[in-house]
Protein chains: 2
Amino acid sequence: MIAVDWGTSSFRAYRLDAQGHILDRRSVARGVLTVDAGGFADVLAKEIGAWLDAEPGSIFLSGMIGSRQGWKEVPYLACPVDSGTIVKACGTVDWDRGRRLFIVPGLSCRDAHGVPDVMRGEETQIIGAIEELGGHAVVCLPGTHSKYVRMRDRRIMDFTTHLTGEVFGALWRHSILGRLGDAEAVGDEVAFDAGVDRSAEGQGLLHHLFGVRTRGLFAEIPAAGLASYLSGILIGHEIRAAAPSEPVAVIGGSELTRLYCRAFTRCGVPARPIAGETAPRGLWTIARSLGGAT
Amino acid sequence: MIAVDWGTSSFRAYRLDAQGHILDRRSVARGVLTVDAGGFADVLAKEIGAWLDAEPGSIFLSGMIGSRQGWKEVPYLACPVDSGTIVKACGTVDWDRGRRLFIVPGLSCRDAHGVPDVMRGEETQIIGAIEELGGHAVVCLPGTHSKYVRMRDRRIMDFTTHLTGEVFGALWRHSILGRLGDAEAVGDEVAFDAGVDRSAEGQGLLHHLFGVRTRGLFAEIPAAGLASYLSGILIGHEIRAAAPSEPVAVIGGSELTRLYCRAFTRCGVPARPIAGETAPRGLWTIARSLGGAT
């Protein structure tokens with residue numbers, strides 16, 4: 001089968017065998033925001049056209065491709081939801097290459113104060129990791145928009161998004177904080193840890209952010225470590241605000257997952273990484289559930 | 001006399017009479033970061049050359065012009081300091097137009113956890129407002145880098161900087177948050193108040209920032225109000241983290257001061273605006289103190 005994780009900034013396609021193993025893959029910077037309305041069919045044909053003869057079935061997609069800016073808007077499902085409900089709510093598109101596309105819906109919920117929250121794509125990653133997660137878990141999916149997802153009895157109960165990764169990028173590239181630093185490398189673990197520890201101190205995140213500048217100015221953090229220090233401050237604030245009351249399972253790219261596990265441990269929260277490529281695995285699971293429908 | 005408030009992004013010059021009243025002014029976008037090293041003498045000549053015949057005395061400057069990126073680095077004075085110490089520590093430059101320039105030093109301190117903090121320019125504004133402030137005050141100077149300054153017996157004891165204004169600009173212009181909104185207008189008071197109130201709720205600033213996107217997406221805040229909502233969230237978080245334990249005097253541009261006073265009131269902190277142009281007033285006070293030295 002063919003599975004596509006089509007997000008805001010990237011397009012990742014996978015050819016999978018009947019057991020869900022990855023046979024081939026394509027990853028290009030053709031995210032939803034880079035494609036004009038009406039242009040999705042052509043992008044898909046260009047990127048996976050070579051696989052179509054070998055893969056005669058339906059194609060499964062997740063991520064921002066199901067948003068208002070995507071190919072077809074598939075409405076958010078309100079939490080709590082289980083994977084069966086997600087499978088049934090997939091949107092369909094009849095692609096002019098003679099194939100049916102299934103687009104996984106995103107999820108919505110409201111926080112304790114009634115403010116809405118949304119995800120598109122992470123629900124598929126969670127489905128892809130459901131065996132490792134078990135039915136009862138707190139899952140962190142770090143990234144541009146970090147998610148904390150609470151699961152009970154294999155259902156997604158609710159979740160919270162933090163703008164952490166996007167704040168990091170905007171401040172490093174477009175504020176005074178990046179001016180003293182070297183390239184956007186976050187490999188300095190001493191500086192990263194110092195940032196995580198700083199997030200426990202008083203006077204708030206906005207004050208701690210100015211300290212990235214002053215500690216650079218006073219040469220207390222080396223220029224090559226300032227991006228790591230900033231990253232540690234932001235991730236530390238995210239973790240302490242999310243304040244998970246039980247061990248956390250972390251799903252993400254290997255380097256970011258490693259950093260997050262390090263930060264969780266430093267904040268006193270037990271954390272374990274979930275290995276593997278959860279997006280294609282989740283799309284494979286959804287395809288299998290749909291079974292005859294394809 | 002001639003007074004110049006020369007900051008990071010703007011150059012503001014004033015001609016003052018013997019009582020400190022403003023006779024004339026120049027304001028141009030020739031901040032320190034827009035001028036190459038060695039170019040400051042020419043910028044000054046171009047902007048205030050026409051005043052030199054009428055003003056034969058020394059010229060007084062404050063702000064980033066005294067930083068490492070400025071005309072001459074004048075070292076930070078460590079708090080606590082009084083205005084007499086600041087006056088004595090002014091740096092001097094002999095300008096090739098036959099005038100002596102006095103550059104006001106910036107201040108430094110360390111917060112309760114030993115992290116350094118710095119200001120350049122705000123110390124002069126405080127000196128300019130000293131009569132209205134009295135000797136005992138908490139002063140907020142809102143802006144790109146908002147300051148909270150604690151004064152006792154007419155001395156600046158310590159202060160705290162928050163990156164609030166710069167975070168607002170970086171996120172509005174360079175993140176997903178600005179995409180749903182209209183122009184960078186912060187005049188929607190209902191949305192601003194909603195943001196200030198939101199800052200009291202749980203799960204932290206990074207989660208509240210994502211809510212700017214979702215409340216826009218769900219049309220709970222109108223597009224024209226999203227910048228105000230973001231501004232309210234950030235200013236609210238700043239105020240609650242700074243948590244002043246006594247009434248606050250706010251020094252700044254009139255619109256920003258009004259917004260901050262509104263937010264302080266909403267957070268339960270009594271606040272009053274300090275009117276008038278405190279930078280030229282402070283430079284005039286410093287010049288008068290130096291007296292015979294000029």
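Pick out the one residue from B:169, B:195 that is touching a residue at least 24 places away in the same chain (Cβ under 8 Å) and more than 10 Å from every other protein chain (Cβ to nearest Cβ).
Being touching a residue at least 24 places away in the same chain (Cβ under 8 Å) and more than 10 Å from every other protein chain (Cβ to nearest Cβ) holds for just one of B:169, B:195, which is B:195.
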All but one of (1) away from chain A (no Cβ under 14 Å); (2) within 30 Å of residue A:76 (Cα to Cα); (3) in contact with a strand residue (DSSP E or B) (Cβ under 9 Å, 6 or more places away or on another chain) hold for residue B:222; which doesn't? (3)
Of the residues that sit in region A:235-270 and are within 18 Å of residue A:193 (Cβ to Cβ), assigned to a loop (DSSP other than H, G, I, E, B) and touching a residue at least 12 places away in the same chain (Cβ under 8 Å), which one is farthest from the other protein chains (Cβ to nearest Cβ)? A:270
When region A:44-71 is examined, which residues are found to be open to solvent by less than 70 Å² (accessible area, probe 1.4 Å) and closer than 30 Å to residue B:218 by Cα? A:44, A:59, A:60, A:61, A:62, A:63, A:64, A:65, A:66, A:67, A:70, A:71
Mind listing whichever residues of region A:271-294 are farther than 29 Å from residue A:200 by Cα, outside any loop (DSSP other than H, G, I, E, B) and among the charged types (D, E, K, R)? A:281, A:288
Within region A:198-214, the count of residues that are touching a residue at least 12 places away in the same chain (Cβ under 8 Å) and facing chain B (nearest Cβ under 7 Å) comes to 3
Here are the criteria: (1) modelled with pLDDT of 95 or more; (2) open to solvent by less than 40 Å² (accessible area, probe 1.4 Å); (3) at the interface with chain A (Cβ under 10 Å from one of its Cβ atoms); (4) touching a strand residue (DSSP E or B) at 6+ places or on another chain (Cβ under 9 Å). Tell me which single one residue B:217 does not satisfy. (1)
Select from region A:158-185 the residues that are open to solvent by less than 40 Å² (accessible area, probe 1.4 Å) and either of a type in the set (Val, Ile, Thr) or more than 19 Å from residue A:238 (Cβ to Cβ) (or both) and list them in ascending order. A:160, A:161, A:164, A:167, A:176, A:178, A:181
Looking at region B:186-204, which of its residues are open to solvent by 40 Å² or more (accessible area, probe 1.4 Å), β-branched (Val, Ile, Thr) and in contact with a helix residue (DSSP H, G or I) (Cβ under 6 Å, 6 or more places away or on another chain)? B:186
When region B:35-67 is examined, which residues are found to be free of Cβ contacts under 8 Å to residues at least 60 places away in the same chain, among the small types (Gly, Ala, Ser) and over 21 Å from residue B:277 (Cα atoms)? B:37, B:38, B:39, B:41, B:45, B:49, B:50, B:54, B:67
For region A:3-28, give me the residue count where each residue is closer than 19 Å to residue A:120 by Cα and either surrounded by 19 or more Cβ atoms within 10 Å (Cβ to Cβ) or modelled with pLDDT under 95 (or both). 12
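Conditions tested, residue by residue: (1) at pLDDT 95 or above; (2) of a type in the set (S, T, N, Q); (3) within 24 Å of residue A:163 (Cα to Cα); (4) touching a Phe, Trp or Tyr at 6+ places or on another chain (Cβ under 8 Å).
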site: B:194; (1), (2), (3), (4): yes, no, yes, yes
site: B:200; (1), (2), (3), (4): yes, no, yes, no
site: B:209; (1), (2), (3), (4): yes, no, yes, no
site: B:227; (1), (2), (3), (4): yes, no, yes, yes
site: B:235; (1), (2), (3), (4): yes, no, yes, yes
site: B:255; (1), (2), (3), (4): no, no, no, no
site: B:258; (1), (2), (3), (4): yes, no, no, no
site: B:263; (1), (2), (3), (4): yes, no, yes, yes
site: B:285; (1), (2), (3), (4): yes, yes, no, no
Would you be able to say whether some residue in region B:239-250 is closer than 29 Å to residue B:85 by Cα, aliphatic (A, V, I, L, M) and touching an Asp or Glu at 6+ places or on another chain (Cβ under 8 Å)? yes
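Tell me the residue from A:87, A:74 that is modelled with pLDDT of 95 or more and open to solvent by less than 10 Å² (accessible area, probe 1.4 Å), please.
On inspection, the qualifying residue turns out to be A:74.
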Of the residues in region A:102-117, those that are touching a residue at least 40 places away in the same chain (Cβ under 8 Å), open to solvent by less than 10 Å² (accessible area, probe 1.4 Å), in a strand (DSSP E or B) and within 14 Å of another protein chain (Cβ to nearest Cβ) come to A:107, A:117
State whether the residues of region A:278-287 include one that is of a type in the set (S, T, N, Q) and either closer than 24 Å to residue A:16 by Cα or surrounded by fewer than 20 Cβ atoms within 10 Å (Cβ to Cβ) (or both). yes
Taking region B:235-256 and keeping residues within 17 Å of the chain's Cα centre (by Cα), closer than 25 Å to residue A:208 by Cβ and not small (Gly, Ala, Ser) leaves B:235, B:238, B:239, B:248, B:250, B:251, B:256
Count of region B:17-43 residues which are in a helix (DSSP H, G or I) and not β-branched (Val, Ile, Thr): 4
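Please go through region B:141-157 and pick out each residue that is in a strand (DSSP E or B), surrounded by fewer than 21 Cβ atoms within 10 Å (Cβ to Cβ) and not charged (D, E, K, R).
At the first step, the residues of region B:141-157 found to be in a strand (DSSP E or B) are B:141, B:146-152, B:155-157.
Retained after the next criterion (residues that are surrounded by fewer than 21 Cβ atoms within 10 Å (Cβ to Cβ)): B:150, B:152, B:155, B:157.
Hit for region B:141-157 is B:157, nothing else.
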Candidates B:132, B:123 - the one that is acidic (Asp, Glu), more than 10 Å from chain A (Cβ to nearest Cβ), open to solvent by 10 Å² or more (accessible area, probe 1.4 Å) and part of a helix (DSSP H, G or I): B:132
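The values are calculated or read from the model by the stated rules, or taken from the named source; none is laboratory data. From a predicted model like this one, the values you see are computed outputs, not experimental measurements. Here Cβ is always computed from backbone atoms with ideal geometry, including for glycine, and neighbour counts include all displayed protein chains. Just so you know, the surface numbers come from the protein's heavy atoms only, side chains and all, with ligands and any DNA or RNA stripped out. Shrake-Rupley method; radii C 1.70, N 1.55, O 1.52, S 1.80 Å.
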